[in-house]
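Participant: The structure that follows is given in the form of structure tokens.
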Amino acid sequence: MNDAILVLNAGSSSLKFAVYPYARSPPPILRGKIAGIGTKPVFSVRKTVGVAVPQASPMPLEPSAGLDDLIPKLLDWLNSNRGGVTIRAAGHRVVHGGRTHAEPARVTDVLLTELEALVPLAPLHQPHNLTAIRCVAASNPGLPQIVCFDTSFHRTQNRLSQLFALPRAMTDEGIVRYGFHGLSYDYIAGTLPTHLGGRADGRVIVAHLGSGASMCAMLSRRSFATSMGFTALDGLMMGRRCGALDPGVVLYLMQEKGLTAQDVTSLLYTKSGLLGVSGISNDMAALEAIASAQAQEAIDLFCYRAAGELARLATAIGGLDAIVFTAGIGENSALVRRRICDHLLWMGVEIDRRANDRHATRIGSLNSEVDVLVIPTDEEIIVARATHALTSAKSAPTRLKP
Ligand code: ADP
């Protein structure tokens, strides 16, 4: 009766985890995070409703510990602190599913090899997602593991939204706009009827603004177009990533400045965005707290670019009924929401400043032609539901190679 699902969301500098009762759509037993991986790992956990969890014992963490050290430690910690539950299956967020994977899937050695081949398309994320799967398999080879892809939600995109203006042969080999943050968009899409009634199936743009940031234009709560592309580098300005960039800049840096492909990868993925423009931090909350012209310019550029992308996506879906802000910045930064919406006044977007300042769910003013909402996202519950659905059906156990 106390079977549970472990959900892991492994990134380059953080590992988010959650434990859910083994059921269709349950509230979590606990959620936690190891932040600062590679620099100064910090472990935090919080209990949630329903099940009593014994007092968390602090987990000793070496500063240099990588995911392969931390995941076995986390599994040990869960073993001794899980309040009488038995982990029956693990679910993972995996960023890229490529062309072949549109649905959550059970992990096999063949699938792992296929996902490995997609590492160059998501070099910042995919290796960590796969490390998490391998670490769980090493600790518990018989445990069923399920992967849910950030790209899956965008399989419904309009064909024109997916195409780059490149030779057709390249499109045919899969150089197209895939889109990411799909688990977040899936969750938000599921909440829209509660907040918008009949307008939920209208023209809605969801702005997932976190360390990584993207937007998704939905019709009938399905993805029609998105800001991210072939990789998670395209579209909006992000914490450390540049977002959309004239490809001529890359050519110039390589041909005239002698940067290697590796230099450019590191520049565009880790030294650009808020960090690059401010020269101070990749963290929006930190920049908001600093009275520096460069920090302000970084925030201004972030909002200007976000508003521009939102207007482009509104064109794709023929107008706009609602905007939803979500993820770390979208849920918590009244300043960013206000600045973005101020750019969109001409589209009939107007926010109620007081409601915005108190992070209310509905922040559109009475005059606004467009509903403006703040909805906290929950990627982990989407993974937990899929893990339950795929493991509760009777199927042969899969043992992964150690
Ligand atoms: P990820 O899950 O990709 O690590 P998050 O969704 O947690 O990212 O978002 C992290 C971002 O949210 C950081 O830039 C952080 O500064 C920002 N953020 C969190 N809280 C606030 C706040 N109160 N004000 C402004 N920005 C915030």
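Participant: Given the convex hull of the Cα atoms of segment 132-249, what is a quarter of its surface area in nm²?
Facilitator: Quarter of the Cα hull surface area: 10.2 nm².
Participant: Loop sites only, by DSSP: take the GluC sites (Glu not before Pro) in the chain that have at most 14 other C-beta atoms within 10 Å and name the longest stretch containing none of them. Before the final figure, lay out each step's value.
Facilitator: Numbers: sites that count: Glu173, Glu256, Glu369.
In the chain, the maximal stretch lacking such sites is 1-172.
Participant: Percent of alpha carbon pairs in segment 264-338 separated by more than 19 Å?
Facilitator: Tail fraction, whole percent: 43.
Participant: For the charge dipole of the chain, defined by +1 on Lys and Arg C-beta atoms and -1 on Asp and Glu C-beta atoms about the Cα centroid, which residue among Tyr178, Ser223, Gly190 has the Cα displaced farthest towards the positive pole?
Facilitator: After comparing all options, I get Gly190.
Participant: Using only alpha carbon pairs under 8 Å that are at least six residues apart, calculate the relative contact order of the chain and give it in whole percent. Spell out each step's value before the answer.
Facilitator: On the way: 822 pairs, mean separation 63.9, N = 402.
Computed value for the chain: 16 percent relative contact order.
Participant: Report Rg (one decimal) and Dmax (nearest whole number) for segment 56-196, counting Cα atoms only, units Å.
Facilitator: Rg and Dmax of segment 56-196, Cα atoms, are 18.1, 57 Å.
Participant: For Gln157, what is the net charge nearby, where nearby means another residue's Cβ is under 12 Å from its Cβ and Lys, Arg count +1, Asp, Glu -1?
Facilitator: With Lys, Arg at +1 and Asp, Glu at -1, the neighbours total +4.
Participant: Continuing with the same structure: State the three equivalent ellipsoid semi-axes of the chain, derived from the C-alpha gyration tensor as the square roots of 5 times its eigenvalues, in descending order and whole Å.
Facilitator: 33, 25, 23
Participant: At a 1.4 Å probe, what is the % contribution of carbon and sulfur to the accessible area of segment 305-402?
Facilitator: Details: 2380 of 4660 Å².
It is 51 percent, rounded to a whole number.
Participant: On to the next question. Divide by every residue of the chain the summed helix terms, -39500 (n - 2.57) for each DSSP H run of at least 4, and state the resulting mean residue ellipticity at 222 nm, rounded to the nearest 500 deg cm²/dmol. Could the numbers behind the result be given before it?
Facilitator: On the way: 15 runs with 150 residues, N = 402.
That comes out to -11000 deg cm²/dmol.
The values are calculated or read from the model by the stated rules, or taken from the named source; none is laboratory data. In this text, all values refer to a predicted model and were calculated from it rather than measured experimentally. All Cβ positions, even for glycine, are placed from backbone atoms using ideal geometry, and neighbour counts span all protein chains on display. The area values use the complete protein model at the heavy-atom level, side chains included, leaving out ligands, DNA and RNA. Shrake-Rupley method; radii C 1.70, N 1.55, O 1.52, S 1.80 Å.
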